[in-house]
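Down below is the structure, laid out as structure tokens.
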Amino acid sequence: MAKFVIAGHADCPYYAKTELLADNLQTNLADFKIHKIVKTSGEWEEWLNTTCSKNGWCHKKSPIVWRELIDRGGKGVLIGGCNEFQEYAHGYYGIKSDMKSLDMNKVSEENLCTKITTIQEDEYLKSLSNPLKVCITNASKPMAYYMVYEIARGDVFGTTTEINLTLLVDDKDSGAIKGLEMEAQDLACTLLRKLTITSDVKEAFDGVSAVVFLDGSSLKPEESREDWLKLNGNLFREYGRTLNAIAANDVKVLIAGDGPLNFNAYMLGTTAPAVARQNIVAMARLLENRAKAAIARKLNVNSAFVVDLITWGNISGTSLTDVNKASVHQYDGAIVGPDWYSRPVKEMVHDDKWLSTEFFDSIKNHESTLTKTIGHCAMLSAASAVIGVLRDWWNGSENGTMLSLGVFSEGWYDLPSDIIFSLPVKFHKGSYEVVQDLDINDDDKRTLESIAKELISEKEVIFPPSHTNTPAPSPVNTGEPQVFGTTETSESKPVTEENPESVAAETADVNIDRTGPLSRIVEEAEPDSKDGTKANSEKLPTEPISED
């Protein structure tokens, strides 16, 4: 079989003549096949130079014709332009073209109109698609490697939702991230419309609808806790400022990296008032899954069959694992039932001593044990936990089960407001609600109170009590947007050592009351606007003076 490629720019009369002759040959010869490449005048020169450079050819005009050696391999044999192809066709097949110049010009005009129409149709079809922009920060981390496929194939955001995935990295030229980019292309997932790798935070967050933060640093042995919190806090406050300025109004934020997750989520929220507070959450799912796995090993069931186990409190600090409402499905006991039938975990374990000692020890030591066993940090289970939270957030949790999530406290269970606290939630399609009717015994209440004090002490590293308890001065109505209870403009005086009094006044915090109940956090809640105003009356603490 002879396969010929003819290429040219759409308004070239000589391309029109070559195309007509090639069509005639293909019609009359069974083994003669052609492939056409039509470019606009603006595209032609660059395309021609690239093609000739790749194949080692020297050709400067339109059209260009070559024969593909499809039966023997190779790069193809250059025939030349219009005249060379005419001679080739006449010599091999005894056919030539008698097309006149007037007809050549008319056909070239028709070709140009057809090309323009085709481009417009393609642009229209692309405009009908509105891919969801998703960003993963610190994407050079192995945890991101396991997340890309789950996101790209549609299991997370829906089987009809196209995705533009952005990977934010420190060094986009690193071998690992380049390899990830190549593998993402090899996946051939139709829903992955675009994969972008960037080191520019603004490019990554521009118009983003979902962000998974894998950042944060773990506490080093030589590092003080105060310095550790400040390091993490500064990073997430910078992230918050950028999100506040350019992210989508309904952006959903999941803090899932290392470091103090509750604290990092709170710090991001303090500088992103335009992001709805219910859309900033911290991931407690990994702790919850590990606790479920410990129960499952005890009862010899699949950990997926353990439900309604709750992790309360500080995800990266002191937490309370609550099995009082937990139940287990598919337990091989004396009484069995259909898939929906379950039995209480405490009743099935029937070992209060184990639940109060070995159970908690196994959860506490699980990560270090797993790391020693596999030789590196557990990334697969962490990535699966992130994917699980995103999937439930977008699609709703299965059968209305309770799950753990770090959210901004609104005074539920008599906890202080204005802290991130892991609480029981139920996910709905695009939203979640905090479960508020659980009975908590006195001992657990005291534990939750202690955890709340721990979270407040973390917050006070950045927002000291003297600032927290000082009422903010009455704002002057200057027409500028109000942020954090103070008036800020783009020309605000910078913080310097020369103006400490003004700095102290500008960083004074507002004593905010958020004890009112919130029966359900829904997606329809009016989001904060990009101009600094808020859909409700809540305000966040003013940023403190940097001690750096």
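The values are calculated or read from the model by the stated rules, or taken from the named source; none is laboratory data. A quick note: this is a predicted structure, and the numbers were derived from the prediction, not measured. When we count neighbours, we look across all protein chains shown, and the Cβ atoms used for this are built from the backbone with ideal geometry, even at glycine. Remember, those area values only see protein heavy atoms, side chains included, never the ligands or the DNA or RNA. Shrake-Rupley method; radii C 1.70, N 1.55, O 1.52, S 1.80 Å.
Side notes on the structure shown:
- Solvent-accessible area, 1.4 Å probe, carbon plus sulfur percent, for region 121-174: 45 percent
- Over region 203-283 - Rg/Rh using Cα atoms and the Kirkwood inverse-distance radius: 0.99
- Value of D in µm² per second that Stokes-Einstein yields for region 70-148, Kirkwood Rh from Cα pairs, at 20 °C (1.002 mPa s): 114 µm²/s
- Region 224-382: relative contact order in percent, alpha carbon pairs under 8 Å with at least 6 residues between: 16 percent
- Prolate/oblate/rounded label for region 73-206 (Cα gyration tensor, a/c 1.5): prolate
- Karplus-based coupling profile of region 292-308, in residue order and whole Hz: 4, 5, 5, 5, 4, 5, 5, 9, 6, 10, 5, 4, 5, 8, 8, 10, 6, with θ = phi - 60° in 6.51 cos²θ - 1.76 cosθ + 1.60 and x standing for Gly or Pro.
- 28 Å Cα-Cα reach of LYS426 towards lysines, excluding residues that sit fewer than 8 places from it in its own chain: LYS133, LYS252, LYS292, LYS298, LYS325, LYS346, LYS364, LYS445, LYS453, LYS459, LYS534, LYS539
- Distances between placed amide hydrogens fall under 5 Å for ILE37 paired with ILE6, ALA7, GLY8, all partners being 5 or more residues away or on another chain.
- Share of alpha-carbon pairs per 10 Å distance bin for region 1-138, given as whole %: 11, 35, 31, 14, 6, 2, 0
- With Cα atoms defining each centre, region 23-56 and region 394-459 are spaced 64 Å apart in the structure.
- Residue-by-residue Karplus 3J(HN,Hα) for region 350-362, coefficients 6.51, -1.76, 1.60, Hz, glycine and proline x: 6, 8, 4, 5, 5, 5, 9, 10, 4, 4, 5, 5, 5
- Whole-Å distance, taken between Cα centres, linking region 181-230 and region 236-270: 12 Å
- Remark: region 66-202 carries 60 Å² of accessible area per residue (probe radius 1.4 Å; ligands, DNA and RNA excluded).
- Packing, taken as the mean count of other beta carbons within 10 Å per residue, orders the peptides 388-401, 336-349, 246-259 from highest to lowest as 246-259, 388-401, 336-349.
- Highest mean packing comes first when the peptides 23-30, 457-464 are listed by Cβ atoms within 10 Å, giving 457-464, 23-30.
- Dipole magnitude of region 180-323, debye to nearest 20 (Cβ charges: Lys/Arg +1, Asp/Glu -1, about Cα centre): 460 debye
- Whole-number accessible area per residue in Å² for region 252-319, which is evaluated in the context of all protein chains at 1.4 Å: 22 Å²
- Cross-link partners of LYS100 among lysines (Cα-Cα below 28 Å; sequence separation of 8 or more within a chain): LYS3, LYS17, LYS33, LYS36, LYS39, LYS60, LYS61, LYS115
- What the pair-distance distribution of region 308-459 shows, using all Cα-Cα distances binned every 5 Å from zero, is 2, 8, 14, 18, 19, 19, 13, 5, 1, 0, 0 percent.
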